[in-house]
Amino acid sequence: MSRRTLIVGNWKLHGSLAESLKLVTAIKHQTAELTHLDMVLTPPFTALYSVSVALSDTHIALGAQNLFHEDEGAYTGEVSGVFLKELGCDYVIVGHSERRQYFHETDLGVGLKVQAALRNDLTPVVCIGESLAQREKGEALEVIAKQLKGIFQNFTLHDLESGEVAVAYEPIWAIGTGKNAEPEQIAEIHHAIRSWLTRYFDAPAADRIRILYGGSVKPENAAALLQVKHVDGLLVGGASLNAAAFVKILKSA
Ligand code: PGA
């Protein structure tokens, strides 16, 4: 099955309103002809509305970096999928390793967020990946399987089919380190992810899921990473904050 390439720029905690608009303006003017792939920008919550307006005449989609698992209620400080959808989001990153590390998110909690995203017609970009210590101990495959099981444990095939899901494999040791994973390592894990999804759900459902690679993606390595077997797209952190670099990455797809 051929899946459309998906490239997501994760701005993390960067992007004042002025910076965000400058970045979006530069990106949108250089990508108008790129209609053969799905491009997504994920600014911080505070810039979502203005970026949404700026993107309205483009085919670049908007995404958020997180959401809460309930739609509304007495949850001070949280933002729900309902509100993200209202702002024009179509995507949301869920379970990024920085959220797991600094905000103690668990696989079960990530699963609830994936449900919340699907309920609100948002495509969750579900992040998984092993640490350096786990990789060195030869546990990468086991860790990935455990994360998938933890996230999807309460999912039925019907839940998965109710919307679109993307999975991002981001080895923690490759995030922001300048050290991307080797093609063989990426191919092995991506293949294992799709096999796990096929066994747990079924082949057609697993086939629809785009599996992205993330971790030190740069203009210099993007084309090669996209050539790796089983890679359907990229999740880009640092390089997505530089318009020229991000546009080069988009153009390499
Ligand atoms: P990086 O971040 O591209 O800066 O390594 C990737 C990510 O955290 O999504």
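The values are calculated or read from the model by the stated rules, or taken from the named source; none is laboratory data. Given the structure is predicted, the values throughout are model-derived calculations rather than measurements. Ideal geometry is used to build each Cβ from the backbone, glycine not excepted, and the neighbour counts take in all protein chains shown. Calculation scope for accessible area: heavy atoms of the full protein, side chains included, ligands and nucleic acids excluded. Shrake-Rupley method; radii C 1.70, N 1.55, O 1.52, S 1.80 Å.
Structure values in brief
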item: Hits in the stretch 35-84 - residues which are under 24 Å from Gly238 (Cβ atoms), among the polar types (S, T, N, Q) and not in a loop (DSSP other than H, G, I, E, B); result: Thr42, Thr46, Ser50, Ser52
item: Residue that is surrounded by the most Cβ atoms within 10 Å (Cβ to Cβ), among those in the stretch 54-80 that are among the aliphatic types (A, V, I, L, M) and either in contact with a Ser or Thr (Cβ under 9 Å, 6 or more places away or on another chain) or in contact (Cβ under 8 Å) with a residue 24 or more places away in the chain (or both); result: Leu67
item: Residue match in the stretch 22-29 (condition: at pLDDT 95 or above, part of a loop (DSSP other than H, G, I, E, B) and of a type in the set (Ser, Thr, Tyr)); result: no
item: Residue list for the stretch 160-178, restricted to those being of a type in the set (Asp, Glu) and either closer than 19 Å to Ile93 by Cβ or within 16 Å of the ligand (Cβ to nearest atom) (or both); result: Glu164, Glu170
item: Enumeration of residues in the stretch 179-207 that are within 13 Å of the ligand (Cβ to nearest atom) and either farther than 25 Å from Gln101 by Cβ or in contact with a Ser or Thr (Cβ under 7 Å, 6 or more places away or on another chain) (or both); result: Lys179, Asn180
item: Residue in the stretch 201-211 that is without any contact (Cβ under 8 Å) to a residue 12 or more places away in the chain and either open to solvent by 20 Å² or more (accessible area, probe 1.4 Å) or more than 13 Å from the chain's Cα centre (by Cα) (or both) present; result: yes
item: Options Ser97, Ser50: the member that is more than 23 Å from Ile128 (Cβ to Cβ) and of a type in the set (Ser, Thr, Tyr); result: Ser50
item: The lone exception for Gly111 - which of (1) over 19 Å from Ala181 (Cβ atoms); (2) within 14 Å of the ligand (Cβ to nearest atom); (3) out of contact with any Asp or Glu (no Cβ under 8 Å at 6 or more places or on another chain) it fails; result: (2)
item: Entirely in the stretch 172-253, the helices (runs of 4 or more DSSP H) that have 3 or more residues that are over 25 Å from Glu139 (Cα atoms); result: 203-208, 219-227, 243-251
item: Members of the stretch 234-253 found to be within 12 Å of the ligand (Cβ to nearest atom) and of a type outside the set (A, V, I, L, M, F, W, C), listed by number; result: Gly237, Gly238, Ser240, Asn242
item: Yes/no for Gly109 being open to solvent by less than 40 Å² (accessible area, probe 1.4 Å) and either under 17 Å from the mean Cα position of the chain (by Cα) or of a type outside the set (Lys, Arg) (or both); result: yes
